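Below you'll find the structure, written out as structure tokens, and then a few comments.
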Amino acid sequence: MDKVLIVDDSPQILSLMQKVGNRYKDEFELIAVNSGRKAMEVLKKTRISLVITDLIMPQIDGLTLLTHINQQYPYTLCVAMTAYATDTLIRMLPDNLVAVLRKPFNVQELIDIIRKSLKTKPASGTMQGISIPSFLQLIEMDQKSCALRISLSDGRQGVFFFKEGDVYDAVFEDLTGKEAAIAMINIGEKPRFTLTPLPGTDIPRRINCRLMELLLLAAREKEMADRTGP
């Protein structure tokens, strides 16, 4: 039977989850925990098909947990719960990889998203992950200060630097700033992500536009490249 892990620090949400788990125990087993740390402990010991996590939690937040799952359990599907979802973000997330559950939600919405996710569960051997634009928007939504390192299958790496949700700088190969960010945004594959604290030295602000503007610039550049061809 599929196991679904719910992660939220709200006692009200966890109480609701216990009732849902009892009601639908013939379809799936629901495990509810109140922190990212406890979620990591469960993932170590139990094969989980789907993780549904709140984004904003103390200590280990939802973004850190999503990154951990992406690295350690690439075949586990993930859904983010948040009260701050944007229509743009939801459109960018592939249904069979990562979805966003808007708060507040009702029980039927929760059940529908669990059923849909488990029904589209990937076959063994299919790498699961999160697209770069989608992960950038999650960081912006969470107003996080961090360095986001992306690791590609060909060995290349790049870094985005965020301060309180604003993208400040990016480095990729011999590119920096906006050019590096656009190059990484337009990478087609879903890489491995690593979130780390910002370095002690000051980060120069070489990107002076909002993330949405950066995503639009990247989309235009990709469209022009597709038109002109190789």
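The values are calculated or read from the model by the stated rules, or taken from the named source; none is laboratory data. Computed from a predicted structure; not experimentally measured. So basically every Cβ, Gly included, is an ideal-geometry build from the backbone, and we count neighbours across all protein chains shown.
Yes/no per residue for (1) surrounded by 11 or more Cβ atoms within 10 Å (Cβ to Cβ); (2) in contact with a Pro (Cβ under 9 Å, 6 or more places away or on another chain):
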| position | (1), (2) |
| --- | --- |
| Asp169 | yes, yes |
| Pro191 | yes, no |
| Asp202 | no, no |
| Arg227 | no, no |
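When restricted to residues that are buried (at least 21 other Cβ atoms within 10 Å of the Cβ) and in a helix (DSSP H, G or I), segment 29-39 contains 2. Residues in segment 15-28 that are buried (at least 16 other Cβ atoms within 10 Å of the Cβ) and in contact with a strand residue (DSSP E or B) (Cβ under 8 Å, 6 or more places away or on another chain): Met17, Val20, Gly21, Tyr24, Phe28. Scanning segment 34-63 for residues that are of a type in the set (Val, Ile, Thr) and touching a helix residue (DSSP H, G or I) at 6+ places or on another chain (Cβ under 9 Å) yields Ile48, Val51, Ile52, Thr53, Ile56, Ile60.
Within segment 169-199, being within 19 Å of Gln137 (Cβ to Cβ), part of a helix (DSSP H, G or I) and either of a type outside the set (Val, Ile, Thr) or in contact with a strand residue (DSSP E or B) (Cβ under 7 Å, 6 or more places away or on another chain) (or both) holds for Lys178, Ala180, Ala181, Ala183, Met184.
Could you list all residues from segment 1-18 that are part of a loop (DSSP other than H, G, I, E, B) and in contact with a helix residue (DSSP H, G or I) (Cβ under 8 Å, 6 or more places away or on another chain)? Hits for segment 1-18 are Asp2, Asp8.
Output the qualifying pairs, or none if there are none: Cβ atoms under 8 angstrom, residues six or more apart or on different chains, first residue in segment 200-223 and assigned by TED's automatic domain parsing to the domain that holds Glu140 and in a loop (DSSP other than H, G, I, E, B), second residue surrounded by 14 or more Cβ atoms within 10 Å (Cβ to Cβ) and among the small types (Gly, Ala, Ser). Filtered contacts from segment 200-223: Arg206/Ala170; Arg206/Gly177; Ile207/Ala170; Ile207/Gly177; Ile207/Ala181.
In segment 75-110, the qualifying residues are those that are among the acidic types (Asp, Glu) and over 15 Å from Ser131 (Cβ atoms), and the one that is modelled with the lowest pLDDT is Asp87.
Listed here are the residues, each with its yes/no results for (1) more than 21 Å from the chain's Cα centre (by Cα); (2) in contact (Cβ under 8 Å) with a residue 12 or more places away in the chain; (3) not in a helix (DSSP H, G or I).
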site: Val20; (1), (2), (3): yes, yes, no
site: Glu41; (1), (2), (3): no, no, no
site: Lys44; (1), (2), (3): no, no, no
site: Val51; (1), (2), (3): no, yes, yes
site: Leu65; (1), (2), (3): no, yes, no
site: His68; (1), (2), (3): no, yes, no
